[in-house]
Amino acid sequence: MTRDNRTNSKSHIPKGSFLFEKIVPVSLVVMGVVMLGLIVFAAGVLLGLVKF
Amino acid sequence: MSVNHILPFLSTAIMLVFTVSVLQRFFVRRQPHFLFWGIGLAMFGAGSFAEAYLALAWNKWVFFVWYLFGAALNAAWLGHGTLYLLVRKKWVHAVTVVLVLGSLFAGYLMLQTMPKLDEAVFTTDRIISEQYGTKALEAGEPVPAGAQTITTTYRGEEVTAVRGILPLGAPVRLTTPFFNIYGLLTLVGGAIYSAYLFWRKRVMPNRVIGNVLIAAGALLIGFASTLTRLGYGEYLYLGELFSAILMFAGFRFAARPQPDEVMQPAPAAAD
């Protein structure tokens, strides 16, 4: 059985949603920055800049 | 018995359910990303169980499992599953070979380290993440309260170090950042990228939220591990538990079928 190609409100992001308009994009940016910070930290361990 | 003795048991139970759930999907669909996720989750669960065991008693092979699978490898294998999902190119198979060989090499280095473990320093009074590493002290650096020190020769110099189970400068510890950088980039980066794609296309809100939760869970364990490196190991087990809960919730959320779903060729960190 194939899935229906028609659009459906349940499979679309609701318009004007505070969660999807504000919280999700801010979360993605913050998590991206934290991820880069952790990668820099791990690289610092590799390069001997962070003692362990 | 403290809360920190109980948390790894809870994480283990969640990871067991999570692992079975993912591997079931692999056996039904035969898609490689489920296999790598399943292996990574099994490693995560094995690491959690080893922590729980080491909270009660010492066993050097349980420590082997804890360090190799729990601290070094699991993020990379989880992330590699996400890479398989997002990138359907032949070069991913080459990365698989590198990951497998790198994991075997890390296992070999860990085996080489086993006879050198300082088992006498182990105590059930402290969690394993606070006592596994030997750390050289800088000149004038104070000795942490309750820590035992040794004077040893390291890279041709005599240094004072806080005693830990793994010897100072154990090569296996140098492999950990490589695996964790790869795991962070692919698992967290992949989940963020997937969430962004669906968010930008304004479709499949369940996958947007699911991938945000997966990224948050993976970041949480990365953050807790970093705190451990900095000497705050008491937060690791709590971080692992919340990480397991967030990632499992994210996976379930992203995998939740939607009625009359729009056909969507774009990748996701779970399907």
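How far is helix B:171-183 tilted off the main Cα axis of chain B, in degrees rounded to 10, range 0 to 90?
Tilt relative to chain B: about 20 degrees.
On C-alpha positions alone, give me the angle between the axis of helix B:205-229 and the longest principal axis of chain B, in degrees, nearest 10.
10
Within chain B, what's the longest run with no trypsin sites (Lys or Arg not before Pro) in a DSSP loop and at most 11 other beta-carbon atoms within 10 Å? Give the range, please. Numbers along the way, then the final one.
Values: sites that count: B:ARG30, B:ARG88, B:LYS89, B:LYS90, B:ARG155.
My reading of the result: B:156-271 is the longest stretch.
Let a ≥ b ≥ c be the square roots of the eigenvalues of the Cα gyration tensor of region B:48-111; is it rounded (a/c under 1.5), or, if not, prolate (a/b larger than b/c) or oblate? Spell out each step's value before the answer.
Details: a/c = 6.13, a/b = 2.14, b/c = 2.87.
Oblate is the answer for region B:48-111, as a/c is 1.5 or above yet b/c matches or exceeds a/b.
Going through region B:180-264, which chymotrypsin sites (Phe, Trp or Tyr not before Pro) have at most 14 other Cβ atoms within 10 Å and a DSSP loop state?
Numbers: sites: B:TYR182, B:TYR193, B:TYR196, B:PHE198, B:TRP199, B:PHE223, B:TYR232, B:TYR235, B:TYR237, B:PHE242, B:PHE248, B:PHE251, B:PHE253; in loops: B:TYR232.
Hits after loop and neighbour filter: B:TYR232.
Where does helix B:74-86 land angle-wise versus the long Cα axis of chain B, in degrees 0 to 90, nearest 10?
20
What is the spin-label model distance, in nm, from B:ALA139 to B:LEU174 if the labels are put 7 Å beyond Cα along the C-beta direction?
Taking the two extended label points, one gets 2.5 nm.
Could you give the length gained on full extension between B:THR151 and B:VAL87, defined as 0.36 nm per residue of separation minus the Cα-Cα distance, in nm? Before the final figure, lay out the partial values.
Working: separation 64, 0.36 × 64 = 23.04 nm, distance 4.96 nm.
Gain on stretching B:THR151 to B:VAL87: 18.1 nm.
Against the globular-protein guess of 2.2 N^0.38 Å, express the Cα radius of gyration of region B:3-255 as a ratio, rounded to two decimals.
Working: Rg = 19.0 Å, N = 253, 2.2 N^0.38 = 18.0 Å.
Rg over 2.2 N^0.38 Å, computed on Cα atoms: 1.05.
Report the antiparallel proportion of the DSSP beta bridges in the protein assembly as shown as a percent, rounded to a multiple of 5.
On the way: 9 of 10 bridges.
About 90 percent, rounded to the nearest 5.
Answer rounded, prolate or oblate for the protein assembly as shown, using the Cα gyration tensor with square roots of eigenvalues a ≥ b ≥ c: rounded when a/c is under 1.5, else prolate when a/b is larger than b/c, else oblate.
On the way: a/c = 2.10, a/b = 2.00, b/c = 1.05.
It comes out prolate by the Cα gyration axes.
Holding the Cα-Cα limit at 27 Å, pick out from A:LYS15/B:LYS89; B:LYS60/B:LYS135; A:LYS22/B:LYS89 the pairs that are longer than that. Before the final figure, lay out each step's value.
Numbers: A:LYS15/B:LYS89 35 Å; B:LYS60/B:LYS135 20 Å; A:LYS22/B:LYS89 34 Å.
Pairs exceeding the cut-off: A:LYS15/B:LYS89; A:LYS22/B:LYS89.
At 25 °C and 0.890 mPa s, grab the translational diffusion coefficient of region B:76-149 from Stokes-Einstein with a Kirkwood Rh over Cα pairs, rounded to a whole number in µm² per second. Provide the component values of the computation, followed by the final result.
Numbers: Rh = 16.2 Å.
Estimated via Stokes-Einstein, D reaches 151 µm²/s.
Within region B:39-76, whose backbone N sits under 17 Å from a point 7 Å along Cα→Cβ of B:ILE6?
Answer for region B:39-76: B:52-53, B:55-56.
Bear in mind that the values in this text are calculations on the coordinates, not laboratory data. As the structure is a computational prediction, the values presented were derived from the model and not from experiment. Every residue, glycine as well, gets a Cβ built from its backbone with ideal geometry; the counts of neighbours run over all protein chains shown.
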